[in-house]
Each structure stands twice: as C-alpha cells, then as structure tokens.
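S.K.: Here you go, one structure.
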There are 2 protein chains.
Amino acid sequence: MGNQALKKLDDLGGKLIGEIEKQTSPSFETVVRSKGNIIFDQGVGYLRLGNKKEVRTFLNIAQARKFMQTIAIANKCRKFLVEGAHTSIRGLYYQLRFTLGEDIEEDLFDEQTESNPLIEDLEVALSVKREDLNLNTDRKGVAAGQFKLRDKFGGEDTLIDGTKQGRSGWSIPSDVDNGLDFEEVKAKYVLVVEKDAMWQRLNEDRYWQKENCVLVTPKGQSSRGCRRFIRKLMDKGLPCYVFTDCDAWGWYIYWTLKTGSMNLAYLSKELSLPETKFVGVTMSDIKDYDFLSKLTIRAKEIDVKRAEEMINYPWISKHKDWVAELKLVLKDKKKLEQDALQGPRLSFVSDYLKQKINEKRFLS
Amino acid sequence: MGNQALKKLDDLGGKLIGEIEKQTSPSFETVVRSKGNIIFDQGVGYLRLGNKKEVRTFLNIAQARKFMQTIAIANKCRKFLVEGAHTSIRGLYYQLRFTLGEDIEEDLFDEQTESNPLIEDLEVALSVKREDLNLNTDRKGVAAGQFKLRDKFGGEDTLIDGTKQGRSGWSIPSDVDNGLDFEEVKAKYVLVVEKDAMWQRLNEDRYWQKENCVLVTPKGQSSRGCRRFIRKLMDKGLPCYVFTDCDAWGWYIYWTLKTGSMNLAYLSKELSLPETKFVGVTMSDIKDYDFLSKLTIRAKEIDVKRAEEMINYPWISKHKDWVAELKLVLKDKKKLEQDALQGPRLSFVSDYLKQKINEKRFLS
C-alpha cells in the first residue's frame, strides 16, 4: 500500500499542476462525511458513506485556506513515504509549522484539531487510510494465539509468534497492513474480550492454546489498528466472537465492532466486522449458570436508557435474540459483568466460553 | 516472592489462630498511610511512610467488619497463590461475593473501592506488593532494546528479546518480579519517553540499537509495573533519563517517577527512581536549538500554576537547574512539546537526545 499511496499522491499532484498549467482552479473531489451522508447498509451490514460528493477548489474564498492546508499535508505525507518514516499527526503538525515559518504559523495550523478533518479529506479522496500515509494513530489492544506475523519495520524483519508472547501478549500496532503479513494462522476463530484484566486471566489459562484461537482484547473501545487486525483474520475465514460486560458500554463496544461507527463510516469496509457474533455475558445466562443471579449489579440509568434506544435501532430490532436480551435488562434493571464468571473459581470463565462457543450459543 | 508471600500469609493466619486459642482478640499491625505519616526523606530522595503504626483488632466494633474483610481477602489471595492463578481486584471482588453468599453480600463488599484500602493494609502489614499476592494491577507501558527476559508464566517458559519486538515493543506487564527475570542486559542506560507516539518514532529510528539503551514509554503517567521494571534495570547499575513535554503534566510524570507519589508512598522503596535525570524538553533548549523558538505553545494556566508551586517544593528548590528552568517558564509563559523536535525532520529528535545524553546536559 505504501507504494500505492505514493502513486495516488503523485497522481493528485500531477492533476493539480495540470490544472494550474491550464489556468483553471486546482481542485479535488471528496465524499461528504457529515451525518446526512451516512447510511446503514443492510446489504453489507454496516454504516457507510452515501454517494454525496463535494469538490474542494483553490480559487474559492471559502475553501482556499483549507485547500492549501490539505495540499501541505499531502506534501508532507509524500515526504514521509519517500523517507520511509512514520509520525503522529502531532509530528505532522510541527513539521507544517516549521516549514511554513513563524509569520504564517498562527493562522495556518494553530490547532491540531483543524488538521484532522483535512487528513480525512485526503483519506476519502485518495481511498487510502492515514496509516498508509505513514501517519500513526493511537494504538491499543493486545493479542495472543495461534498466528505468526512477519513484521518489516525500521529496516528489520521480525517474526512475531503469537504463541510466544508470555504474560504480555503482542501489542497491536497502529498499522497492521503495511509491512506486516500473516505467515501462518492455525487458529480456528477470534475471541475478542472487552477487558484487559480478563484477557490476562484467559491468557494465563492458555485459552488460545486449548481452544485454538486468537485471543484479542481491544481494552475497551477498539482502536483502528485492532479492528483492522481482526478484519484481516476474518478475511482469512475465521469467525469472530465478542465477550463483553452485559451493560451499555459492553453493547456499544460490540455494535461498533460489528457495524462500524459514525466517525469512521468512511472506512467501514476495512474496519467493520458485520459477521461477528456476541458470546456473552447475557442476562439470559442466569438460567444456565445459577450462581450468576447472586452476582448481578443494579443497572445504571445509562444502561437502561441505552437498552431502550437499542431495541429500536433498525439494525438491532430485526435480531430477535438481541431484542429478547434487552427486554430482560429492561425488566430486571440489572446488569452483569464478565468478571462475575470468576466467582466460583478463576478458571470458570474459560469453561463458560468453551461451552457457549462449542454449542454456538450466540446472540448474532 | 510467591512462596515468600505464601509464607507470610500462613504466618499471619497462624498468629490469628493462636490469638483465638488464647481467647484474646485477633489483631495485626499495619503502618498509617494517611498524609500525616508521609514524609519526603532527603536521605533516600523519595516520599515514604513515617513510623506511625496502628493495630487492627477484631474485637472492636469500629474495626470488626474491616478486619473480617481483610482476612477474607488474605484467604482468597492465599488460594490464588496455591492455585498459581492471577486475577484483578474485580475478580477478587466477585470471588468474595460468591463465597459469602447472597445475604451478606450487599453489606460486605458492595463497592470494590472498599476493598482497595484493605489490600493496601495487607501489602503494608506483610511487606509484600499486591502483585506478589497474584493480584494484577492495570498495566501500561512498552519497552524495546538491549535486554532479554525469561518469562515463566502459565506453565510455559518464554524468552523475551527486547531487540526483536518489531513495531510494537514489549508490553510491560503488571508483575515484573515473580517469574520474570533478566537473562541479559547489554544496554547502558534507560530512556523513558512520555508519549507512545514519540516512542514509536524513536523505535523506528532504532534509537535503542544505535545508542545501546532500553527505550521505555509509560504512555503518560507510569503504571506500577512500569516503574518497577525501570527500578529493576537501575538496580543493575543503569542510569535513567526521562524525556517529557516541558509542561505541568510532563514535570509531574518526571517527579512522580523520581520521588514517588503520595498514593504509593508505602511502596516507594520498590517503585521510586531518585537517581533519575531529566533530559528534556526544556525552555532553555531554545538557546541551543534556534528553531524551537518558532514552535512553542502558549502555557496554560495550569502550567504556570504548577511551575509556581514546584519552585517552592523542598525537594525541588534545592535543584538550581530546575529552579532556573521553571523561572524561564514563568517569565515567558510558554511551553514546548517533545513532538516539536520533529519539526526540522522526523529523525531530529534522535540527534537531540543523543547529543544531550552524550554531553550530560540534564536537569537533575
């Protein structure tokens, strides 16, 4: 992708120069990312952008400044690609301030937040991710299990063996596409565990070895890199099961993984996981695991409110099992944490997951 | 430590049983952890507990409940040690709820926050860390460089090679003491970098290889595990240099690493790094690196307020270089981010660090 991204940047530059030579206004086309152009696509099962496009043109008082900023960003990213070096958008921001000099600085990029939508413009206009432009995003999430990766980075070539990560696990990086390739995937499925503490518990039980899977924790809401990593495993044919708390935050994590999010709807194709299934915890688990009834917590207002909202979302209301689950929450006004499964003994949580996954007891 | 901790728990249990058999009230002694018993010890260079002790006794209306809770926790931790399994304090909480049954539950441990000070009681009374009791703490932070570790965990023995961690680095775990031993440390110093994005930048430059060091990022404020990991490297004779933003948050990160914190004063001996030095960024860098004057940011109110406070701390006021630096901040009302060093070119930050460390231009 590195080379492809470079070519796309060069093509954009060539096009702009052509327009200048023809004495027309330089311009480029992007897709509208505002709420009005985000749709839930039943066919593919995720949120994506619609077809509304807009043209950014230099000779337009309202757009000239942003246009210039966007081109300055494109120029820097091109340089990073040629140098083969990565940075954060904060690093990019300082490069721009340095280049443009003291006098222009304050007007041009005094706020980093200003550069974010411009980078999104570039991502959409060129059909690349910022990771492909050597811009690092916040990384979060850890994995272990039956996979091997070849990591080409900083002039070195390193074999990452997911079965040899000890207590720590492999830290999922910002960019899992460029210079990072699976060498082998023996695992049969991906298990996503909301909390890092629970991931550590399962890692200690060597769940990924016993059940032949890849054990992932996004540590709460999932980073771009983490979603992309799971997507790549699913593209190899692995199913994915998600294990969160039974509460507003847990459901949110699951549905964002599955259907994507408003913010990143422009990248849903690469980041969303519509085939994923929910393994637990559910309020209906109580009828199968008696002791859980002792270990519930009173639902907070936000949990109840969220359950009420979710029942009516068109992409949820058609899932009868989810509707039944949410109704249980609304009836009992209780919630359950994944940690409660450690109540009888620490390793019970492994047995629970094994059983539910083998018996395919999912919410879809 | 695992076995030592087990012995300490057994000794405590034996003592309590002895007291019961003698028909006296079971009791144990701990050290007062409130602010009034925390002192800055000039001799060792960190915050630590004073000598005030208190006795917790069972036959005391005000203490009976807490006493019982503490013993219940000690009992569970003993079980975890015997089983060789770890959990979080959330896992512990559910084990206690499960054991004690539905009727007592609400009274005994309805809030997890309640168990935290009780665990601290145990840590202090037994002179162990909760990590030694198989309780995981939040982990954060990443390292790479010239070190090798042997990680005995989950029945496996894994070699962690700090030079073969690719783009990700080695994730610093909760417990870096039990079953985790250095096999080799070739590095000559430890470099602690505030931000993960900057760590990734330096990792890509293979700074740890070129400069023969261990490159650590705590990702902001440092976790217990991260502080302990650096402490262990320093105990092997490595000096430690810290690289943060020149602002309130950066200074806080540095001084907490160096002198410990109020919250963890009871563990300062194992967690604080009084010998550590500050490599940058400083406002005084501007006279050596001209371009930085273009890349400052207006200081926020909190930065100014913090600088004013810090000048008067007894453990800071004796450091003339720090006082001069803080006065510069107060005069100019500006701040500098470590990312600004990427302004001229992405790899400039490596040159800056190399130069300042070789020339020993530190604030101490």
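Here, each number is a calculation from the coordinates, and none is a lab measurement. Remember, predicted model here, so these are calculated numbers, not experimental data. Note: ideal-geometry Cβ built from the backbone for every residue, glycine included; neighbour counts use all protein chains shown.
S.K.: What residue in chain A has the Cβ closest to the axis turning A into B, and how close is it in whole Å?
M.R.: A:171, 2
S.K.: Another one. Going down the list A:305/B:76; B:35/B:66; A:305/B:300, which pairs span over 28 Å between their C-alpha atoms? Could you put the intermediate results ahead of the total?
M.R.: Numbers: A:305/B:76 37 Å; B:35/B:66 21 Å; A:305/B:300 38 Å.
Distance filter (> 28 Å) returns A:305/B:76; A:305/B:300.
S.K.: Around residue B:230, with a cut-off of 12 angstrom between Cβ atoms, what is the net charge of the other residues, counting Lys and Arg +1 and Asp and Glu -1? Kindly include the intermediate steps, with their values, before the conclusion.
M.R.: Details: positive: B:224, B:227, B:228, B:231, B:232, B:236, B:258; negative: B:235, B:270, B:275.
In short, +4.
S.K.: With +1 on each Lys and Arg Cβ and -1 on each Asp and Glu Cβ, and nothing else charged, work out how big the dipole of region A:143-358 is about its Cα centre, in Debye to the nearest 20. All intermediate terms of the calculation are to be shown ahead of the outcome.
M.R.: Details: 37 positive and 32 negative charges, 89 e Å.
Here the size comes out at about 420 debye.
S.K.: Rounded to the nearest 5, what is the percent of antiparallel bridges among the DSSP beta bridges in region A:147-275?
M.R.: Details: 11 of 19 bridges.
Once the DSSP bridges in region A:147-275 are tallied, antiparallel ones form about 60 percent.
S.K.: Give the average, rounded to an integer, of partner chain Cβ atoms located within 10 angstrom of each Cβ in B:229-235.
M.R.: Numbers: counts 0, 0, 0, 0, 0, 0, 0.
The mean count of partner-chain Cβ atoms within 10 Å per residue comes to 0.
S.K.: In whole percent, what relative contact order does region A:143-358 give with Cα contacts below 8 Å and a gap of six or more residues? Mind showing how you got there, number by number?
M.R.: Details: 351 pairs, mean separation 38.6, N = 216.
RCO, region A:143-358: 18 percent.
S.K.: For every helix of n ≥ 4 consecutive DSSP H residues, a contribution of -39,500 (n - 2.57) applies; sum these over chain A, divide by its total residues, and give [θ] at 222 nm rounded to the nearest 500 deg cm²/dmol. Mind dumping the intermediate values first?
M.R.: Values: 13 runs with 157 residues, N = 364.
That comes out to -13500 deg cm²/dmol.
S.K.: Also: Neighbouring Cβ atoms within 10 Å as the yardstick, rank B:198, A:262 fewest first. Mind dumping the intermediate values first?
M.R.: On the way: B:198 24, A:262 12.
Final ranking by Cβ density, sparse to dense: A:262, B:198.
S.K.: While we're looking at this one, here's another question. Which aspartates and glutamates have a Cα lying under 12 Å from the Cα of residue A:148, excluding residues fewer than 8 positions away in the same chain?
M.R.: Straight-distance partners of residue A:148: A:161, A:181, A:183, A:184.
S.K.: Give me A:258, B:186 ranked fewest to most by other Cβ atoms within 10 Å of their Cβ, as a rough exposure proxy. Mind dumping the intermediate values first?
M.R.: Details: A:258 20, B:186 13.
With the sparsest Cβ surroundings first, the list reads B:186, A:258.
S.K.: Using Cα pairs under 8 angstrom and six or more residues apart, how large is the relative contact order of region B:123-271, in percent? The partial results should precede the final answer.
M.R.: Numbers: 263 pairs, mean separation 38.0, N = 149.
Reported relative contact order: 26 percent.
S.K.: Right, next: For chain A, divide the Cα radius of gyration by the Kirkwood radius and give the resulting Rg/Rh value with two decimals. It would help to have the intermediate numbers written out before the result.
M.R.: Working: Rg = 23.1 Å, Rh = 22.5 Å.
Looking at chain A, the ratio lands at 1.03.
S.K.: May I ask which residue of A:6, A:25, A:67 lies farthest towards the positive end of the charge dipole of region A:2-136, with charges of +1 (Lys, Arg) and -1 (Asp, Glu) on Cβ and the Cα centre as origin?
M.R.: Checked the options; the winner is A:6.
S.K.: Less than 12 Å Cβ to Cβ from residue B:322, Lys/Arg counted +1 and Asp/Glu -1: what total charge do the surrounding residues give? Numbers along the way, then the final one.
M.R.: Values: positive: B:258, B:277, B:318, B:320, B:327; negative: B:321, B:325.
Spelling it out: positives minus negatives among the neighbours equals +3.
S.K.: For residue A:24, place a label point 7 Å out from Cα along the Cα→Cβ vector, do the same in each other copy, and report the separations in nm, one decimal, smallest first.
M.R.: In ascending order, 9.7 nm.
S.K.: In nm, what does the list of distances from residue B:127 to its counterparts in the other copies look like, shortest first, when each label sits 7 Å along Cα to Cβ?
M.R.: 6.8
S.K.: Then there's this: What does the charge dipole of the protein assembly as shown about its Cα centre add up to, to the nearest 20 debye, if the Cβ of each Lys and Arg holds +1 and the Cβ of each Asp and Glu holds -1?
M.R.: Working: 120 positive and 110 negative charges, 39 e Å.
Approximately 180 debye in magnitude.
S.K.: From Cα pairs below 8 angstrom and at least 6 apart in sequence, can you work out the relative contact order of region B:22-143, rounded to a whole percent?
M.R.: Details: 124 pairs, mean separation 31.3, N = 122.
Computed value for region B:22-143: 26 percent relative contact order.
S.K.: Quick one: Karplus J couplings for region B:66-81, per residue in order, coefficients 6.51, -1.76, 1.60, θ = phi - 60°, nearest Hz, x for Gly and Pro?
M.R.: 5, 4, 4, 4, 4, 5, 4, 5, 4, 5, 5, 4, 4, 4, 4, 5
S.K.: Under the definition of partner shielding as Cβ atoms of other protein chains within 10 Å of a residue Cβ, what is the mean value for peptide B:167-178?
M.R.: Details: counts 18, 17, 5, 6, 9, 1, 5, 5, 1, 1, 0, 1.
Taking all residues of B:167-178 together, the mean is 6.
S.K.: Let me know the mean shielding of B:29-36 by other chains, meaning the per-residue number of their Cβ atoms within 10 Å of its Cβ. Each step should come with its number before you reach the end.
M.R.: Details: counts 0, 0, 0, 0, 0, 0, 0, 0.
If you average over the peptide's residues, the count of other-chain Cβ atoms is 0.
S.K.: Return A:316, A:253, A:230 ranked ascending by Cβ neighbour count within 10 Å, so the fewest neighbours appear first. It would help to have the intermediate numbers written out before the result.
M.R.: On the way: A:316 16, A:253 20, A:230 27.
Going from sparsest to densest Cβ surroundings: A:316, A:253, A:230.
S.K.: What longest range of chain A stays clear of loop-exposed GluC sites (Glu not before Pro) (DSSP non-H/G/I/E/B, at most 13 other C-beta within 10 angstrom)?
M.R.: Numbers: sites that count: A:111, A:275, A:359.
Between exposed loop sites, the widest span is A:112-274.
S.K.: If you don't mind, there's one more thing I want to ask. Among B:315, B:255, B:208, whose mean-square fluctuation peaks in a Gaussian network model of chain B (Cα, cutoff 10 Å)?
M.R.: Highest fluctuation among the options: B:315.
S.K.: Each residue of region A:3-19 in order: what ³J(HN,Hα) in whole Hz does its phi give by Karplus 6.51 cos²θ - 1.76 cosθ + 1.60, θ = phi - 60°, with x for Gly and Pro?
M.R.: Per residue, the Karplus-derived 3J(HN,Hα) values read 5, 5, 5, 4, 4, 5, 5, 5, 4, 4, x, x, 4, 5, 4, x, 5 Hz.
S.K.: Related question: List the distances, in nm and shortest first, from the label point of residue A:188 to the matching label points in every other copy, placing each point 7 Å from Cα along the Cα-to-Cβ direction.
M.R.: Spacings between copies for this position, smallest first, are 5.3 nm.
S.K.: With the cut-off at 26 Å, tell me which of the pairs A:164/B:79; A:294/A:327; A:258/A:294 have Cα atoms farther apart than that.
M.R.: Numbers: A:164/B:79 28 Å; A:294/A:327 20 Å; A:258/A:294 31 Å.
In this structure, A:164/B:79; A:258/A:294 lie more than 26 Å apart at Cα.
S.K.: Still on this model: Short version: ³J(HN,Hα) in whole Hz for each residue of region B:188-199, in order, from phi by Karplus 6.51 cos²θ - 1.76 cosθ + 1.60 (θ = phi - 60°), x for Gly and Pro, what are they?
M.R.: Taking θ as phi minus 60°, the curve returns 9, 7, 10, 10, 9, 10, 3, 9, 4, 4, 6, 4 Hz for region B:188-199.
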